[in-house]
Each structure stands twice: as C-alpha cells, then as structure tokens.
Amino acid sequence: MKERVISAIVALIIVLPFLLLGGNLFVLLVAVLGILGLKEILNLRKNLPTRMKIVSYVLFLVLLMYGYTFTGKVYLMNFSFVIICLMVLFLSLIFYGNNKKYNIEDAFFLSASIIFLSSAFNLFIVVRETGLEYILYLFSITIITDTFAYLIGRKIGKHKLIPNISPNKTKEGLFSGILIGTIFSSLVYYFLISNSNFHLTILITLILSILGECGDLFFSQIKRNYGVKDFSNIMPGHGGILDRLDSIIFVLYGYVIISIIL
C-alpha cells in the first residue's frame, strides 16, 4: 500500500504541471504517455519485428496529431491518415513474405491497437482544450470510483465480480465505488462547471462511472488473454500506463458520445 501511495504522489507531481499549463506541453505529455501505452500493448506480442514496432510508433503519432478533429458537436476521423496507416501495415505483409516474422494477425493487431489508442489519447487533448475543469471532472470519476472500489472491496467484499477476468474485484467494491464516485464527481461538476440540471449531471456521471469500470475490466481481459498481471512496471505498485489509464479511456469515449448526443 505504501508503494502505491508513493508512486501515485510521484506521478501526480510529474503530471500536474503539464495538466495545469495545458497547450503544447500537455500535448507533449499525452504523446509520451501514448507511446509508452502503445509499447505496453506491442510487448504483449513477443514476436513482432522491431521494424514494425518503430513503424507503429510513427503511425500512432501521426494519427494522434492529425487523424482526428473535434468541431462543435462532431468528432471526426481523418480517413486519409487512417487509410495510409492501414496500407502501411498490410502492405508490409508482402515485403516480409514470411508468416513466421509478420503475419495477418499481427497486421490486424497493430491496426486495432494504433487506431484505438491514438483516438483515446487524442481525446485527452480534446477535453483539455475544452477546459481544465472538464478533464478534472472526468479524472475525478475514475480516481474516486477506483479508489473506493478497491478500499471497500478489500474491507467488506465477499462476492467476486468476474473472477476469470479480475480475481480481486468484488460486487460490494464495485457498487460502492460507483455510488461514491457518482456522488463526489457530480458535486465536482456542480461547483466547477455548472449548477444547472443537477439530476442530469448525476445520471451522466453514473453512466461514466460504470463505463470507467467497464474499461478496467476490458483491459484486464487483455492482460488475462496474454497471461500478464500488469502491462508494465513503470509505476511500482500500480503497473503500467494502461493499468492506470484503463478506466479514463472509456470515460473519455463515453463523455464525447454524450456531448455529441446532448
């Protein structure tokens, strides 16, 4: 527990200035975190050629910076860059000509990983540019929900949630975390962003809190599929970049969808 707290404090000290300042500094932070997150995903497939990993990092950065735009209430994907990405990854099959070195499964794995993570990390930039208060609100949902789900689950949790995916998660912890996360983060939204239509704020926050837990389980399923406990050990006691950002990625997706609908 002590190790987790120290790692969290160190991470906060590093990230907070970038988050508060925003602008190009925050974009740089997101790019670095995105590359580290992609590296964690690519490391799951042990036999990927080093050359294709390097190509993947380049394609990720291109899509992160130029592949998506948010205008008004429309989040757009630039298909020109996406198609270039796909062509590079799939045409590489011809140049390798060896399924043992690089095969169709690798190509699909890289395509999905790059598009998924580049769009997710792009949303960090989009929401931060909308306003500091919005990203603080979204982070509060995942931090409070995850923290209390963990603490209460350890104290009173008796019924396992989905043991095959996440052995330590309990139903008691999940429901308690969602409840407390919804109440606390709704108040964050109320005081930082808007005090109108508080009932709708509670409903939206509840949905986002649930999505955050779904994100946690989704990434846990990926780890179980590849037989690893954590994506990496970059944060002692916490795991890797994706171990920490798994919930917020799904919350960001949900928030943008709700923003477009409303």
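The values are calculated or read from the model by the stated rules, or taken from the named source; none is laboratory data. What you see is a predicted model; the values in this text were computed from it and never measured. Because the Cβ atoms are built from the backbone with ideal geometry, glycine has one as well, and the counts that use them run over all protein chains shown.
With respect to residue 160, is the statement that it is basic (Lys, Arg) and in contact with a strand residue (DSSP E or B) (Cβ under 8 Å, 6 or more places away or on another chain) true? Yes; evaluated as a whole, the condition is true for this residue. You will find that of 102, 150, 134, the residue that is surrounded by 14 or more Cβ atoms within 10 Å (Cβ to Cβ) and in a loop (DSSP other than H, G, I, E, B) is 102 and no other. Looking at 81, 109, 90, which is the one that is under 21 Å from the mean Cα position of the chain (by Cα), of a type in the set (Phe, Trp, Tyr) and assigned by TED's automatic domain parsing to the domain that holds residue 48? When all the criteria are applied, what remains is 109. Within the stretch 156-172, restricting attention to residues that are free of Cβ contacts under 8 Å to residues at least 24 places away in the same chain and polar (S, T, N, Q), the residue that is nearest to residue 224 (Cα to Cα) is 168. For residue 69, the conditions (1) part of a helix (DSSP H, G or I); (2) within 23 Å of residue 254 (Cβ to Cβ) all hold with the exception of (1).
The set of residues in the stretch 11-40 being assigned to a helix (DSSP H, G or I), over 18 Å from the mean Cα position of the chain (by Cα) and touching a residue at least 12 places away in the same chain (Cβ under 8 Å) consists of 20 alone.
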